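Worksheet: one structure, shown below.
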């Protein structure tokens, strides 16, 4: 690799056009995913199994929305208007992780999202730690620091549910279909992911991120025992939309009601700026 | 299970009791303490199960002639 391509980029316009577009797409994927994950956590501020779990859900929602806000703001460097990105896109334009499309049906499903999906976003974010794109590298440590408590929350709840005969069935039912979808979400070792790795913007892509994620969630999956049935550990990327990180079976996007709430449509008139 | 929560704002300060919470186990108690008592930026934060605290002295009981 030439010295020129590995030089630090303080601004997006110091990146090659192909690299710039790929960074922009990945930031949007992360921002939308965190916006949706925050919304899913927020759905449990009321109705979690105990008051303290509701407080934890509120805290994690706040973290995720904060991260999303910060990531949307970073898109200014790419010539985008963050306000348009946040408030004026349809559900079909969202790039959030497909498993976040619908709200979790029950608390074990929320705990599975906490461990598997929050964990996957953290793995993807961590790949920017030594990034040549300086604005991202400078922000990622703070985000990862806050994520430590999400990880601890997920691990503690997962262990608790896995140890309770009346809960472990629901937990396994949530985890089994989620694992292959998250694995596919990391994408193929090709296209813009390859561009980003070659340009030293991230230090891993596709199969390498899948390996890191599986290593990360292995202690939790082990708690579900031998009976865990995981189909499709080798993802099928036929028809995979790389920019949206979405496969054919993943559907079109989040439901419109979710996006109306995420955008704040109902009270948009009071956004008087 | 009830856990008592202790914290200090700076290294070297005395630990101060700041409240309590309900949690089913130590791991969740630690997470909940961080989420629930986040109004300050702490240097460190501790939880202890209330039933593991040992009373060493109580003025009312001492005045009544001891337990």
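The values are calculated or read from the model by the stated rules, or taken from the named source; none is laboratory data. None of these values were measured; they are calculated from a predicted model. Backbone-built Cβ (ideal geometry, glycine too); neighbour counts: all protein chains shown.
Here are the numbers for the structure shown:
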quantity	calculated
Check on residue B:51, surrounded by fewer than 11 Cβ atoms within 10 Å (Cβ to Cβ) and away from chain A (no Cβ under 14 Å)	yes
Which listed residue is over 24 Å from residue A:147 (Cα atoms) and part of a loop (DSSP other than H, G, I, E, B), from B:4, B:13, B:40	B:13
Residue pairs meeting the criteria (Cβ under 8 Å; at least 6 apart or on separate chains; first free of Cβ contacts under 8 Å to residues at least 24 places away in the same chain, in segment B:39-67; second surrounded by 11 or more Cβ atoms within 10 Å (Cβ to Cβ))	B:67/B:58; B:67/B:61
Every residue from segment A:219-246 that is touching a strand residue (DSSP E or B) at 6+ places or on another chain (Cβ under 8 Å) and modelled with pLDDT under 90	none
Answer from A:92, A:57 - the residue that is within 24 Å of residue A:124 (Cβ to Cβ), more than 14 Å from chain B (Cβ to nearest Cβ) and in a helix (DSSP H, G or I)	A:92
Criterion violated by residue B:61 - all others in (1) away from every other protein chain (no Cβ under 14 Å); (2) touching a strand residue (DSSP E or B) at 6+ places or on another chain (Cβ under 7 Å); (3) assigned to a helix (DSSP H, G or I) satisfied	(2)
Selection status of residue A:263, within 30 Å of residue A:9 (Cα to Cα), surrounded by 15 or more Cβ atoms within 10 Å (Cβ to Cβ) and out of contact with any strand residue (DSSP E or B) (no Cβ under 7 Å at 6 or more places or on another chain)	no
Output for segment A:146-179, where each listed residue is in contact (Cβ under 8 Å) with a residue 60 or more places away in the chain and away from chain B (no Cβ under 14 Å)	A:170, A:171, A:173, A:174, A:175, A:178, A:179
Segment B:16-48, residues that are surrounded by fewer than 12 Cβ atoms within 10 Å (Cβ to Cβ) and either touching a strand residue (DSSP E or B) at 6+ places or on another chain (Cβ under 8 Å) or more than 14 Å from every other protein chain (Cβ to nearest Cβ) (or both)	B:16, B:17, B:40
Residue A:66 within 14 Å of chain B (Cβ to nearest Cβ), surrounded by fewer than 17 Cβ atoms within 10 Å (Cβ to Cβ) and either modelled with pLDDT under 95 or in a helix (DSSP H, G or I) (or both)	yes
